[in-house]
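Working notes, beginning with the structure itself.
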Amino acid sequence: MLTRIDHIGIACFDLDKTVEFYRATYGFEVFHSEVNEEQGVREAMLKINATDDGGASYLQLLEPTREDSAVGKWLAKNGEGVHHIAFGTADVDGDSEAIRGKGVRVLYDEPRIGSMGSRITFLHPKDCHGVLTELVTAAPQESAEH
Ligand code: CMX
Ligand code: CO
């Protein structure tokens, strides 16, 4: 069951400048940052809220590490902006298989590793009314590493 919005992924050309915009304008601080070579991104997670159940919502700022990555291709075509939305679930395996069974293309055979050790997969935007949609199961203990 998809239980919350985990994050909104925002593509940018310059991660440091974009992080500074969100800090100066809204006061959002970087909770975690990392490079994910498989996804071809350098990213910063800005935590927007935290709830008693351990769940949280983030903005995920994404700078491509290579032009032929998903974010690199998208930026070249569209410029900066909202790239994807991500729903949180306790069971990304079960939920993605159930959604695949409804005829929506799930991009990976098995979930891959996302931010902070989470497990992620994506639904094809052409099957989701134009929205690239990610499903996320957080790592058992989310840990912040700057
Ligand atoms: N949102 C909506 N539509 C998108 C899109 C996006 N983010 N990215 C691509 N599309 C559309 C394109 O506009 C294009 O539509 P048209 O044919 O009408 O022009 C179509 O999908 C195909 O796009 P493309 O540029 O040819 O790109 P690809 O097919 O090579 O890749 C996709 C598209 C979704 C398969 C690829 O972006 C992907 O694998 N995404 C998942 C991985 C990812 O996004 N990783 C980065 C984030 C990592 C993280 O969140 O941790
Ligand atoms: Co994401």
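Read the figures in this text as sums done on the coordinates, not as results from a lab. Since the model is a prediction, treat every value here as computed from it, not as a measurement. Counting neighbours? That spans all protein chains shown, and the Cβs are built from the backbone with ideal geometry, glycine included.
What to note about this one:
- Within the stretch 1-108: Cβ-based charge dipole about Cα centre, in debye rounded to nearest 20 (Lys, Arg +1; Asp, Glu -1): 420
- The count of lysine pairs in the chain with alpha-carbon distances below 20 Å, taking only pairs 8 or more places apart or on different chains, stands at 4.
- At 1.306 mPa s and 10 °C, Stokes D of the chain from Kirkwood alpha-carbon radius, µm² per second: 102
- Charged side chains reduced to their Cβ positions (Lys and Arg at +1, Asp and Glu at -1) give the stretch 73-146 a dipole of some 420 debye around its Cα centre.
- In the chain, helical runs assigned H by DSSP with n ≥ 4 each contribute -39500 (n - 2.57); averaged across all residues and rounded to the nearest 500, the mean residue ellipticity at 222 nm is -6000 deg cm²/dmol.
- For peptides 133-140, 9-16, sequence by mean Cβ density within 10 Å, most packed first: 133-140, 9-16
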